[in-house]
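Below is one structure, written out as structure tokens, with a few remarks after it.
The values are calculated or read from the model by the stated rules, or taken from the named source; none is laboratory data. None of the values given here were measured: they were computed from a predicted structure. Please note: Cβ atoms are built from the backbone with ideal geometry, for glycine as well, and neighbour counts cover all protein chains shown. For the accessible areas, the whole protein counts, side chains as well, though only heavy atoms, and no ligand, DNA or RNA atoms are used. Shrake-Rupley method; radii C 1.70, N 1.55, O 1.52, S 1.80 Å.
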Amino acid sequence: MSHLQFDANLNEALRMDGELTRGPIPRWQRKAQEQGIHSLNVNENSFINISGLGTPQSAKTPHTGSFLDVNSPGRGKSPGRNKSPGRGIPKLSVRGVGQKTPSRKTPSTPINQQDRFIPNRSTTDLERSHHLLVSSMEASGGEKSEADELSLQQKEYQEKMSENLNDGQPQESRILSFKSKAPQAKEGYVNNLKVLYSAGKPTVPKAASVRHIPSVPEKVLDAPELLDDYYLHLLDWSVNNHLAVALSSSVYIWNAGDGAITPLVQLEAPDYVCSLSWIEEGNILAMGVSSGVTKLWDVGQQKLVRTMGGHQNRVTTLSWSSYILSSGSRSGQIFHHDVRIADHHVATLSGHTQEVCGLQWSPDGRHLGSGGNDNQVNIWEKGSTTPLHTLTEHQAAVKAVAWCPWQNNLLATGGGTADRTIRIWNCTTGICLKDVQTNSQVSSVLWSSHYKELISGHGFSNNQLTLWKYPTMAKVADLTGHTGRVLKLCMSPDGQMVVSAAADETIRMWKCWGVDKKDKKQAGSGKGHPISMLARTIR
């Protein structure tokens with residue numbers, strides 16, 4: 001029944017030709033009653049209020065289209081603002097602007113009709129509203145609280161401090177600048193603390209490379225008990241594709257053709273192997289021992305051929321030139337051994353004052369390069385016992401010594417932890433042609449026979465292999481994977497693979513210099529030959 005009563009009330013309210021019996025009294029009628037006015041006289045086109053109970057109808061004139069003014073004590077406007085009954089329907093539920101809430105004697109406002117806006121606190125961001133309000137007050141010059149005054153004092157203090165610290169410079173500029181490099185030291189000055197501030201990443205330019213260089217090794221071999229000694233040479237690769245590895249007092253031969261591993265020798269304690277070097281023909285392996293002797297092994301027959309003494313200390317490096325075997329010792333002396341004759345010791349070179357840790361003959365056999373723990377590099381002519389050049393630019397032990405295969409008078413050397421520099425020398429004039437700072441200990445250097453590049457093995461602090469472009473000495477690539485310092489590098493017989501031995505007791509093989517498509521036909525012409533000439537002889 002309630003909905004029927006609602007429909008009746010709605011129809012009664014929509015009937016504009018009669019009086020409204022329900023709802024609040026209009027404002028203009030209420031004002032008139034309060035002032036004691038019972039009737040209002042208007043012109044003929046206006047509405048007449050009888051006994052204060054009538055509701056004004058639309059008073060729009062047909063000539064001007066404007067509402068007539070009513071002489072009532074309101075705001076001076078007629079209360080009837082609706083142009084038509086149809087468009088005035090929404091005003092039955094929403095009160096107009098400027099009207100007051102009816103008195104208590106009148107019926108209460110219906111449900112869902114409000115005379116003012118009450119915000120919903122659950123959906124209001126009070127903190128942001130407070131911030132905007134305070135900001136607007138500060139912008140308009142309103143009063144500031146004590147906290148605001150304190151913040152202003154702090155800002156002024158910070159501005160004064162920044163001006164004093166920057167010495168008049170803009171506040172955005174930095175106080176300290178690290179862009180400029182430290183001044184160069186005097187020639188020959190040795191700084192023992194250089195390792196402390198040169199351990200960052202290399203900053204040399206990187207060369208553009210169009211060929212693909214694999215960043216992961218082709219093969220990884222475990223090498224337990226590989227001695228972590230910077231001065232030793234425990235790895236060498238023969239022309240017959242045999243890799244000799246010294247593990248403490250043992251020597252093993254890894255056949256790269258079929259992957260077989262053969263033990264060659266086991267020394268008695270306390271002796272250990274210090275250096276290995278294959279003869280150019282690849283069937284004889286020279287072995288330097290900690291007791292000061294040098295042994296020659298026939299690997300194919302697994303037989304000791306000869307034992308040569310003479311050194312008083314360990315033999316740390318070996319190098320062949322035809323039938324002449326040169327050996328460097330901790331005493332600083334270099335011996336030449338003629339393996340063809342019984343009295344093998346034919347010459348002694350005494351150009352170093354400390355241990356000889358780098359030694360290599362040039363490809364043409366005319367010069368011998370040696371590096372020592374006395375930070376010197378000596379270049380010797382064949383048949384001479386006095387050095388042709390003594391190079392003293394390095395500031396640490398020089399173990400990395402390598403001759404260029406396509407230019408016989410170029411020598412590359414690398415320094416240890418306190419130096420970390422690779423230098424390229426002209427052995428004819430003794431002039432340093434190039435030098436590059438690697439920011440890591442240099443333990444070995446190899447030249448490529450296919451490209452004008454060289455590769456270096458590094459220790460502290462990055463333990464990586466780095467490819468360099470010659471002659472610009474721009475970096476081509478970094479090969480990472482070792483967790484310990486790289487101790488030794490050697491190259492495969494075809495010049496494509498580089499093997500690295502590191503202190504993490506692993507041996508990794510990297511394909512750094514792959515053969516181009518043009519050279520594949522030449523490489524394929526030798527497929528009929530066995531990969532290893534001694535594959536059938538090693539048991």
Problem set entry | Test: residue 431 is among the β-branched types (Val, Ile, Thr) and surrounded by 14 or more Cβ atoms within 10 Å (Cβ to Cβ) | no
For this session: Please tell me if residue 294 is of a type in the set (Ser, Thr, Tyr) and over 22 Å from residue 229 (Cβ atoms).
Result: no
Exercise. Counting only residues that are within 16 Å of residue 482 (Cα to Cα) and among the β-branched types (Val, Ile, Thr), how many does segment 213-267 have?
Worked result: 2
Exercise. Out of segment 337-359, which residues are part of a strand (DSSP E or B) and within 50 Å of the chain's Cα centre (by Cα)?
Worked result: 349, 356, 357, 358, 359
Exercise. For residue 299, are the conditions met, namely being in contact (Cβ under 8 Å) with a residue 40 or more places away in the chain, open to solvent by less than 50 Å² (accessible area, probe 1.4 Å), closer than 28 Å to residue 404 by Cβ and of a type in the set (A, V, I, L, M)?
Worked result: no
Seminar exercise, completed: Counted residues in segment 403-412 being part of a loop (DSSP other than H, G, I, E, B) and open to solvent by less than 10 Å² (accessible area, probe 1.4 Å) come to 1
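Residues to consider are 197, 252; find the one that is modelled with pLDDT of 95 or more and either open to solvent by less than 90 Å² (accessible area, probe 1.4 Å) or within 31 Å of the chain's Cα centre (by Cα) (or both).
Working: 197 fails: modelled with pLDDT of 95 or more.
Matching residue, one of 197, 252: 252.
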For this session: Within segment 369-397, count every residue that is surrounded by 14 or more Cβ atoms within 10 Å (Cβ to Cβ) and part of a loop (DSSP other than H, G, I, E, B).
Result: 12
Problem set entry | Candidate set: segment 307-334, residues that are touching a His at 6+ places or on another chain (Cβ under 8 Å) and over 22 Å from residue 400 (Cα atoms); chosen: the one least open to solvent (accessible area, probe 1.4 Å) | 308
Problem set entry | Candidate set: segment 268-296, residues that are among the hydroxyl-bearing types (Ser, Thr, Tyr) and within 17 Å of residue 238 (Cβ to Cβ); chosen: the one surrounded by the most Cβ atoms within 10 Å (Cβ to Cβ) | 275
Problem set entry | Set 243, 221, 226, 264: member being out of contact with any helix residue (DSSP H, G or I) (no Cβ under 9 Å at 6 or more places or on another chain), in a loop (DSSP other than H, G, I, E, B) and either within 29 Å of residue 291 (Cβ to Cβ) or open to solvent by 20 Å² or more (accessible area, probe 1.4 Å) (or both) | 226
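The rows are residues; the columns are (1) under 26 Å from the mean Cα position of the chain (by Cα); (2) surrounded by 18 or more Cβ atoms within 10 Å (Cβ to Cβ); (3) at pLDDT 95 or above; (4) not basic (Lys, Arg).
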{"position": "401", "(1), (2), (3), (4)": "no, yes, yes, yes"}
{"position": "414", "(1), (2), (3), (4)": "no, yes, yes, yes"}
{"position": "417", "(1), (2), (3), (4)": "yes, yes, no, yes"}
{"position": "440", "(1), (2), (3), (4)": "yes, yes, no, yes"}
{"position": "449", "(1), (2), (3), (4)": "no, no, no, yes"}
